[in-house]
Amino acid sequence: MDLKQAIASEAYQLGFSAFGVASADYDPIGHNRHLRWIDKGYQVDMRYLEGGTRKRFDPRITVPSAKSVIVCALNYYHKLENDPSKPYISIYARGENYHAIVMDKLKVLCGKMNELAGSCTYKAYADSSPLSEKSLALKAGLGFVGKNGLLILSSNNGRNPAQGSFYFLGSIITDLELEPDSPINRNCGKCRLCIEACPTSAILGDGTIDASRCIAYHTIQNKGEIPEEISSRMSNMIFGCDLCQSVCPFNKDARESDEPRLISDPLLISPDPESFHNMTEEIFTKRFEKSSIGEKGYRLFIRNLSIAVKNSG
Ligand code: SF4
Ligand code: SF4
């Protein structure tokens with residue numbers, strides 16, 4: 001078994017569903033696509049997406065000796081249930097905070113990689129830095145970008161059987177020279193299901209999203225007031241929105257994640273609105289200490305909950 005295969009084998013043992021390698025070269029195509037998106041203002045107030053844009057697409061700015069970037073995907077899918085009379089919380093947020101879970105696994109993988117290689121330089125990321133993991137995953141042949149703007153894992157000559165978009169990404173920049181995988185040649189074809197399902201017309205059709213119209217942005221990132229035009233279409237969604245993923249044919253055979261830390265908190269699967277309304281900030285902070293919901297704070301949660309209650313009336 002060569003070094004790359006040995007590292008992949010360790011990644012699969014850690015529970016990752018897909019593994020690929022990209023060269024650490026600058027990605028001008030991804031960079032230009034990102035700049036065009038920023039120019040149109042689709043990032044709204046997410047200023048962290050505007051600064052250091054070259055760094056996002058050039059791993060050698062972060063690790064000058066970098067030769068390769070390992071990209072791994074972790075399945076977070078759990079059965080999607082949505083009772084319109086109850087608040088809806090996106091599947092990804094029903095377990096522990098994914099940054100910590102993916103990062104913990106990557107740290108172990110880095111240790112194994114260092115042992116296998118003798119010694120190497122590495123730096124791990126889990127959606128936590130100015131690094132475009134989607135662009136790296138594309139280069140590493142893990143999948144393609146769907147019209148809904150998400151990376152859709154898709155079989156690459158049977159190398160990675162994982163399929164669909166219910167995956168978290170994590171990456172490791174390293175000075176190891178590993179054979180890069182080839183990008184896959186696949187796309188959505190004529191499908192438009194996500195565009196038709198999006199209640200706020202946020203999907204632009206070219207693989208990008210206008211965040212100013214996206215419910216996921218407003219319920220998770222927007223700390224200010226949500227425009228009436230959007231809030232009136234949020235229905236029961238109080239943290240994220242899975243609509244453009246739930247209709248995607250690539251997710252129709254999605255398998256349940258077996259990651260124990262991603263098991264859904266029973267309170268979040270089909271929540272009783274009253275139990276949320278009666279929750280004080282102190283209880284909220286304790287209850288959601290380890291989750292993405294807790295990270296975003298009590299005020300945002302209560303604001304979104306009030307909109308869902310208004311929409312249900
Ligand atoms: S997350 Fe929801 S609002 Fe955002 S693009 Fe997808 S369907 Fe539309
Ligand atoms: S729903 Fe259809 S158009 Fe949208 S991402 Fe999935 S395959 Fe592509």
**Report entry** Residues within the range 194-209 that are within 9 Å of ligand 2 (Cβ to nearest atom) and not in a helix (DSSP H, G or I), tallied
**Finding:** 3
Query raised in the report: Are any residues in the range 229-274 without any contact (Cβ under 8 Å) to a residue 60 or more places away in the chain, within 22 Å of PRO199 (Cα to Cα) and aliphatic (A, V, I, L, M), and if so, which ones?
Result: ILE230, LEU243, VAL247
Query - Any hit, the range 236-244, residues being among the charged types (D, E, K, R) and within 13 Å of ligand 1 (Cβ to nearest atom) - result: yes
Query raised in the report: Of the residues GLU81, GLU10, GLU115, which is closer than 26 Å to ARG255 by Cα and either surrounded by 17 or more Cβ atoms within 10 Å (Cβ to Cβ) or at pLDDT 95 or above (or both)?
Result: GLU10
Requested in this report: Confirm whether LYS147 is on the phi < 0 side of the Ramachandran plot and touching a Cys at 6+ places or on another chain (Cβ under 7 Å).
Outcome: yes
Query raised in the report: From the list PHE239, PHE284, PHE288, PHE301, which residue is closer than 26 Å to GLY164 by Cβ and either crowded, with 21+ Cβ neighbours inside 10 Å or not acidic (Asp, Glu) (or both)?
Result: PHE239
Query raised in the report: Across the range 222-242, what is the total count of residues that are more than 14 Å from the chain's Cα centre (by Cα) and either assigned to a loop (DSSP other than H, G, I, E, B) or of a type in the set (Ser, Thr, Tyr) (or both)?
Result: 12
Report summary line: SER119 passes all but one of the listed conditions (1) among the hydroxyl-bearing types (Ser, Thr, Tyr); (2) touching a residue at least 24 places away in the same chain (Cβ under 8 Å); (3) in a loop (DSSP other than H, G, I, E, B); the exception is number (2)
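Condition check ((1) at pLDDT below 95; (2) not in a helix (DSSP H, G or I)) across all residues:
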site: CYS244; (1), (2): no, no
site: SER264; (1), (2): yes, yes
site: LEU305; (1), (2): yes, no
site: LYS310; (1), (2): yes, no
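The values are calculated or read from the model by the stated rules, or taken from the named source; none is laboratory data. If you're wondering where the values come from, they're calculated on a predicted model, not measured in any experiment. Cβ atoms come from the backbone with ideal geometry, glycine included; neighbour counts cover every protein chain shown.
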